[in-house]
Amino acid sequence: MIGALKSAFGSRKFLATLLGAVVVAAGSALGLSEDQASKVAAMICAYVLGQGMADAGAAKAKVAEATKALSVEVEDLGPAEKAAALREAAGE
């Protein structure tokens, strides 16, 4: 539980979302109109969604790189050796 909280507070997306919630909730106390608070919320949503898409793209590239490296490693092996190498790579 503590590890999850540390991880969450280390996340820029989480902190941006938290900041957005505070600004929207306390907008009137901060002197913001409803329209201004909505614009802040929209900017934070755009940031979080954009960062999420970038993270997904990076993860996809990492998987593609690992897959390519694995296929090069097993390229010269026979069928049984390929199957054994793939099982080992999958952790079986």
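We did not get these values from a lab; they are worked out from the coordinates using the rules stated. Quick caveat, the model's predicted, so the values are computed rather than measured. Every residue, glycine as well, gets a Cβ built from its backbone with ideal geometry; the counts of neighbours run over all protein chains shown.
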Q: For the chain, evaluate the Debye formula with one uniform point scatterer on each Cα (no solvent term) and list log10 I(q)/I(0) at q = 0.13, 0.16, 0.24, 0.25 Å⁻¹, rounded to two decimals.
A: -0.67, -0.80, -1.11, -1.14
Q.
Quick check: convex hull of the Cα atoms in the stretch 23-65, volume per residue, rounded to a whole Å³?
A. 48
Q. Here are some pairs, Lys6/Lys68; Lys6/Lys39; Lys39/Lys62; Lys60/Lys82; Lys62/Lys82; which of them have Cα atoms lying more than 26 Å apart in this structure?
A. Lys6/Lys68; Lys6/Lys39; Lys39/Lys62
Q | Rounded to 10°, Cα long-axis angle of helix 12-25 versus longest principal axis of the chain | A | 20
(Q) Given the -39500 (n - 2.57) contribution per DSSP H run of 4+ residues, what per-residue ellipticity at 222 nm results for the chain, rounded to the nearest 500 deg cm²/dmol? (A) -27500 deg cm²/dmol
Q) For the stretch 1-23 and the stretch 29-57, what is the separation of their C-alpha centers, rounded to whole Å? A) 14
Q | Peptides ranked, highest mean first, by Cβ atoms within 10 Å: ranges 20-32, 55-67 | A | 20-32, 55-67
Q) From the residues Val48, Leu15, Ala4, which one has its Cα farthest along the dipole of the chain in the positive direction, the dipole being from +1 and -1 charges on Cβ of Lys/Arg and Asp/Glu about the Cα centre? A) Leu15
(Q) Taking θ = phi - 60°, what integer Hz values does the Karplus form 6.51 cos²θ - 1.76 cosθ + 1.60 yield along the stretch 47-62, in sequence order, with x for Gly and Pro? (A) 4, 5, 5, x, 5, x, 5, 5, 4, 5, x, 5, 5, 5, 5, 5
